[in-house]
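Novice: Got a structure for you, questions after.
The values are calculated or read from the model by the stated rules, or taken from the named source; none is laboratory data. Every value quoted in this text rests on a predicted model; they were computed, and no experiment measured them. We place every Cβ from the backbone using ideal geometry, glycine too, and count neighbours over all the protein chains shown.
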Amino acid sequence: MSALEFVRKTLAYAFLLLVTFLMCFPLIWALSTSLKPARDVMATPPRLIPSEVTFANYRNLILGKEQYFRADQTYVPTTAAPQHFTTWFANSVIVSAGSTLISIVISTLAAYSITRFRYWGRRIIPYFSLLGYMIPSIILVFPMFMVMSGLALTNSLWSLTFGYVSITLPFCMWLLWAFFRGIPIELEEAALMDGASRLRVFVDIVLPSALPGIIAAAIFSLIVSWNDFLFARVFINSIENLPLTVGVMHFFEGVHVDWGLMMASAVLMTLPMAVLFMLMQRHLVAGFGAGAVKG
């Protein structure tokens, strides 16, 4: 390797590290704040590296205790104790997993039907589904609320699950339609000629071939459902049924904000999706790039 090439690679890596640091800085700062004692959160000048590392904020979240540091150097409990944090976390997992499961099952069957069977209007269905995804959620939330109210599902996790399906299903179906088009139909025809049933062909041949696309659609659905605020804010009234995105807003109380608890909850909210994304990154890239080349 020549000296000039070495310098170029060094500068390139340095630039990429700088960009990565700037993009990740909000999360780094949230992690730093979550590990600071309450008296150091608003210290001047602010420090990125805590002078003292404490896990009290995480302990208070998990155990349902909350305290903040007052000007007279005493800790006093607040009225907005985070005893519901684990419940909010479980609610987010339930509605995200449930809406993802429903979206993936329906979109997989729909995409397979569009690409393998002939019937009127099948060519325009994917584009109409994508158009449905392009509609802002704020337009859908109030009609959906009226429907949920008529079905007596408001203030329940079912309303959130079905609400998230309405915004994730269109894109999942469009993505899987693009992926199924790239799966050679000759594989299925050969299996059918050998006596395999349509169901066995679908389970043993089509689904394994479409797995990267299914994983990509599932990750997209999980992220959208996990991060949603609008539907949960409108559909849910009781504090016990809130997901994390709305529940953590209860850490704001008047003029007091417990930034330690807020940042700890932000880290715990981000960590599951970040880990999932890193583990499934290869499948995610393959799935989103599936429509680029038709087999």
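Novice: Of all residues in the range 28-45, count the ones that are over 25 Å from the mean Cα position of the chain (by Cα) and either surrounded by 12 or more Cβ atoms within 10 Å (Cβ to Cβ) or closer than 22 Å to LEU268 by Cβ (or both). Walk me through it before giving the result.
Specialist: So the first thing to find is which residues in the range 28-45 are over 25 Å from the mean Cα position of the chain (by Cα), and the list is 36-45.
Among the residues that remain, those that are also either surrounded by 12 or more Cβ atoms within 10 Å (Cβ to Cβ) or closer than 22 Å to LEU268 by Cβ (or both) are: 36-43.
Qualifying residue count for the region: 8.
Novice: Within the range 1-27, track down each residue that is out of contact with any helix residue (DSSP H, G or I) (no Cβ under 8 Å at 6 or more places or on another chain), closer than 16 Å to THR270 by Cα and not aromatic (Phe, Trp, Tyr).
Specialist: MET23, CYS24, PRO26
Novice: Still on this model: Test THR44 against the stated conditions and say whether it is farther than 21 Å from PHE251 by Cα, at pLDDT 85 or above and among the hydroxyl-bearing types (Ser, Thr, Tyr).
Specialist: On the way: farther than 21 Å from PHE251 by Cα: yes; at pLDDT 85 or above: no; among the hydroxyl-bearing types (Ser, Thr, Tyr): yes.
No.
Novice: Looking at GLY150, GLY121, GLY182, which one is closer than 30 Å to ASP204 by Cβ, loosely packed, with under 14 Cβ neighbours inside 10 Å and either among the basic types (Lys, Arg) or not assigned by TED's automatic domain parsing to the domain that holds ALA38 (or both)? So that I can check it myself, show each step before the final result.
Specialist: Details: GLY150 fails: closer than 30 Å to ASP204 by Cβ; GLY182 fails: loosely packed, with under 14 Cβ neighbours inside 10 Å.
Answer to the selection: GLY121.
Novice: State which residue is surrounded by the fewest Cβ atoms within 10 Å (Cβ to Cβ) when the search covers only the range 82-92 and only residues that are in a helix (DSSP H, G or I) and touching a residue at least 12 places away in the same chain (Cβ under 8 Å). Give the derivation first.
Specialist: To start, the set of residues in the range 82-92 that are in a helix (DSSP H, G or I) comprises 85-92.
Going one step further and asking which of them are touching a residue at least 12 places away in the same chain (Cβ under 8 Å), we end up with 85-89, 91-92.
Working: PHE85: 24, THR86: 13, THR87: 17, TRP88: 24, PHE89: 19, ASN91: 22, SER92: 25.
Among them, the one singled out is THR86.
Novice: Of the conditions (1) surrounded by fewer than 22 Cβ atoms within 10 Å (Cβ to Cβ); (2) among the hydrophobic types (A, V, I, L, M, F, W, C); (3) in contact (Cβ under 8 Å) with a residue 60 or more places away in the chain, LEU176 clears all except one; give me its number.
Specialist: (1)
Novice: So which helices (runs of 4 or more DSSP H) stay within the range 201-295 end to end and still have 2 or more residues that are closer than 30 Å to ILE183 by Cβ and either at pLDDT below 85 or among the small types (Gly, Ala, Ser) (or both)? Talk me through it step by step, then tell me what you get.
Specialist: Numbers: elements: 207-227, 230-235, 244-247, 259-279, 281-288.
So the answer is 207-227, 259-279, 281-288.
Novice: I've got another one for you. Output yes when any residue across the range 181-191 is in a loop (DSSP other than H, G, I, E, B) and among the acidic types (Asp, Glu), and no when none is.
Specialist: From the range 181-191, those in a loop (DSSP other than H, G, I, E, B) are 181-184; that's our starting set.
Narrowing further to those that are among the acidic types (Asp, Glu): none.
No, the range 181-191 contains no residue that is in a loop (DSSP other than H, G, I, E, B) and among the acidic types (Asp, Glu).
Novice: Please work out which one of (1) outside any helix (DSSP H, G or I); (2) polar (S, T, N, Q); (3) at pLDDT below 85 is the condition ASN155 fails and give its number.
Specialist: Tallying (1) outside any helix (DSSP H, G or I); (2) polar (S, T, N, Q); (3) at pLDDT below 85, ASN155 fails exactly one: (3).
Novice: Also, quick follow-up: Exactly one condition in (1) at pLDDT below 85; (2) of a type in the set (Ser, Thr, Tyr); (3) exposed (fewer than 15 other Cβ atoms within 10 Å of the Cβ); (4) part of a helix (DSSP H, G or I) is false for TYR133; which is it?
Specialist: Among (1) at pLDDT below 85; (2) of a type in the set (Ser, Thr, Tyr); (3) exposed (fewer than 15 other Cβ atoms within 10 Å of the Cβ); (4) part of a helix (DSSP H, G or I), the lone unmet condition for TYR133 is (3).
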